[in-house]
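A quick write-up on the structure given underneath.
The values are calculated or read from the model by the stated rules, or taken from the named source; none is laboratory data. Keep in mind the model is a prediction, meaning the values are calculated, not measured. We place every Cβ from the backbone using ideal geometry, glycine too, and count neighbours over all the protein chains shown.
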């Protein structure tokens, strides 16, 4: 369904006339099936967030394509209503001038669907992410981190997209809230049959929610492994990553 | 509405706002408020002191100083406002394009701004006046040509900061059009920055236009303008210093009002909602000192 083919991305380093380029992503290809949760795990600076932006069509790859149902995601009409995102930083994820209701309705109104049922739709979504409908009129700064992230999730699922990119979506929440949000994401996935691309540095969170995990290093795919068989990883880097986990 | 409410808590800023609005209104309705024709010469009343009929006295041609002061609001403030509006408009468009789309558009616009900003302000204005001739319109043209680049720069910085926000990224990812993103997400948050820098640079423009009129390059006689009134009173500076007082004070009051208003706006527009306002503030201070220095 979502198909990433041979993506290459590099950024210029230095000034206007600089020729040097830093390669962030080198020839990445993978596929994410319908209803699948694909984890992308890597250290900071491994290029996983850049990959997220390319998958979302916000940035243009130097080479290669990202296709959603066979169409290039760089066209915004392809993304409209079919692709969505949740980001790490909940403080800047919601426009400070928007109420929760406006924020959640934003992707829906962009699709120009009927307006009459909007309010009840927002109520339903808030209920689904475990928030009271009274949150509707609140502004972003009145929400706690977990609440803001729930609003972001409600906003992301509002158009019932086929695929959501979760870029470190739970990483900035505290552990007890993390598990709640992960559970919520799991439930919603079953409910709407969406696929997730779950970008994180947290192996445990990824192991909990993902079906398949891509281990990412220096802009390259180190290994792809089924989540159940995570213990059987082959490459030395993946082994090292697994062993460095703190276990209690 | 929130802005007005916040501003009303700051006494100095609300007073400045009232003064600025009042002066603008008086300027627009100058024929109603002016007791005499500002260009009516009456040699009998040459250098006459204040009287009930002529509250601020008469100048070297016996013209009513008060009327000239009131008519002087038009070029000194209203036309400056127009020029400011146009340059902010051009600067905003350029700044939004550069800051939002980045890449090549940004490079081209910013290099253009660099070129414009590398000329000292007064020299450019004098050059434009030299080519097109003296007069208010030409000075306005020179102002717009010079100022837009500066606005574009500042607005670009502000837009760039906000276009990195996750809610903008989310909107882009959802496939919402750029135009809608700019109008719904970026303009509301940058508007406060634009208001602050615009009111701040209003002062420098008023001073500049008065300065140029003082040099005789601005508005032409017999039309009234504060800088020119100062110039006309210059000849009798020691025998009749009070003639300099009225236009001088008018300039001081207007410039201070706009300065205090700019300060007040900065505070009023700083909700706890804004995450990066501190960073932005220091940025602005640097920019505005830069502008005054550059003239």
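Find all pairs meeting these conditions: Cβ atoms under 8 angstrom apart; at least six residues apart or on different chains; first residue within segment B:243-272 and surrounded by fewer than 20 Cβ atoms within 10 Å (Cβ to Cβ); second residue not in a helix (DSSP H, G or I).
Correct list of pairs: B:244/B:237; B:267/B:10; B:271/A:96.
Is it the case that residue B:141 is assigned to a helix (DSSP H, G or I), over 24 Å from the mean Cα position of the chain (by Cα) and away from chain A (no Cβ under 11 Å)? Full working, then the answer.
Working: assigned to a helix (DSSP H, G or I): yes; over 24 Å from the mean Cα position of the chain (by Cα): no; away from chain A (no Cβ under 11 Å): yes.
So residue B:141 does not fit the description; no.
If you take the residues in segment A:67-77 that are within 12 Å of chain B (Cβ to nearest Cβ) and in contact with a strand residue (DSSP E or B) (Cβ under 7 Å, 6 or more places away or on another chain), which one is surrounded by the most Cβ atoms within 10 Å (Cβ to Cβ)?
A:73
Is it fair to say residue A:190 is assigned to a helix (DSSP H, G or I), free of Cβ contacts under 8 Å to residues at least 40 places away in the same chain, within 27 Å of residue A:66 (Cβ to Cβ) and more than 14 Å from chain B (Cβ to nearest Cβ)? Talk me through it step by step, then tell me what you get.
Values: assigned to a helix (DSSP H, G or I): yes; free of Cβ contacts under 8 Å to residues at least 40 places away in the same chain: yes; within 27 Å of residue A:66 (Cβ to Cβ): yes; more than 14 Å from chain B (Cβ to nearest Cβ): yes.
In short, yes.
Among residues belonging to segment B:185-203 that are touching a helix residue (DSSP H, G or I) at 6+ places or on another chain (Cβ under 7 Å) and surrounded by fewer than 20 Cβ atoms within 10 Å (Cβ to Cβ), point out the one that is farthest from residue B:155 (Cα to Cα).
Initial filter on segment B:185-203 (touching a helix residue (DSSP H, G or I) at 6+ places or on another chain (Cβ under 7 Å)): B:185-186, B:189-190, B:193-203.
Those still in the list that are surrounded by fewer than 20 Cβ atoms within 10 Å (Cβ to Cβ) too: B:194-195.
Working: B:194: 7, B:195: 11 Å.
Ranking the qualifying residues of segment B:185-203, first place goes to B:195.
Quickly run through segment A:83-92 and pick out the residues that are within 29 Å of residue A:34 (Cα to Cα) and either crowded, with 24+ Cβ neighbours inside 10 Å or modelled with pLDDT under 85 (or both). So that I can check it myself, show each step before the final result.
Kept after step one, since they are within 29 Å of residue A:34 (Cα to Cα), are these residues of segment A:83-92: A:83-90.
Result: A:83, A:84, A:85, A:86, A:87, A:90.
Across segment A:103-117, which residue is farthest from the other protein chains (Cβ to nearest Cβ) among those that are surrounded by fewer than 18 Cβ atoms within 10 Å (Cβ to Cβ) and under 17 Å from residue A:156 (Cβ atoms)? Give the derivation first.
Here is the first cut: in segment A:103-117, the residues surrounded by fewer than 18 Cβ atoms within 10 Å (Cβ to Cβ) are A:109, A:111-117.
From what's left, under 17 Å from residue A:156 (Cβ atoms): A:109, A:111, A:113.
Working: A:109: 9, A:111: 9, A:113: 13 Å.
Among residues in segment A:103-117 that are surrounded by fewer than 18 Cβ atoms within 10 Å (Cβ to Cβ) and under 17 Å from residue A:156 (Cβ atoms), the one farthest from the other protein chains (Cβ to nearest Cβ) is A:113.
Being within 17 Å of the chain's Cα centre (by Cα), away from every other protein chain (no Cβ under 12 Å) and either in a strand (DSSP E or B) or touching a residue at least 24 places away in the same chain (Cβ under 8 Å) (or both) is the requirement here; does residue A:35 meet it?
Details: within 17 Å of the chain's Cα centre (by Cα): yes; away from every other protein chain (no Cβ under 12 Å): yes; either in a strand (DSSP E or B) or touching a residue at least 24 places away in the same chain (Cβ under 8 Å) (or both): yes.
Criteria met by residue A:35.
Under the condition of being out of contact with any helix residue (DSSP H, G or I) (no Cβ under 8 Å at 6 or more places or on another chain) and either part of a loop (DSSP other than H, G, I, E, B) or within 11 Å of chain B (Cβ to nearest Cβ) (or both), which residue from segment A:44-53 is modelled with the highest pLDDT?
Going through the qualifying residues, I end up with A:52.
When you check residue A:80 against the structure, is it within 8 Å of chain B (Cβ to nearest Cβ) and buried (at least 18 other Cβ atoms within 10 Å of the Cβ), yes or no? Write out each step before concluding.
Numbers: within 8 Å of chain B (Cβ to nearest Cβ): yes; buried (at least 18 other Cβ atoms within 10 Å of the Cβ): yes.
In short, yes.
Out of contact with any helix residue (DSSP H, G or I) (no Cβ under 8 Å at 6 or more places or on another chain), under 30 Å from residue B:221 (Cα atoms) and surrounded by fewer than 22 Cβ atoms within 10 Å (Cβ to Cβ) - does that describe any residue in segment B:176-184?
No, segment B:176-184 has no match at all.
Please find, among B:61, B:55, B:66, the residue that is assigned to a helix (DSSP H, G or I) and at negative phi.
Values: B:61 fails: assigned to a helix (DSSP H, G or I); B:55 fails: assigned to a helix (DSSP H, G or I).
Answer to the check: B:66.
Being crowded, with 20+ Cβ neighbours inside 10 Å and more than 23 Å from residue A:175 (Cα to Cα) is the filter here, so list the residues in segment A:215-237 that pass it. Before the answer, list the steps.
Within segment A:215-237, the first condition is being crowded, with 20+ Cβ neighbours inside 10 Å, and the residues that meet it are A:215-216, A:219, A:222, A:225.
Those that are crowded, with 20+ Cβ neighbours inside 10 Å and more than 23 Å from residue A:175 (Cα to Cα): A:216, A:219, A:222, A:225.
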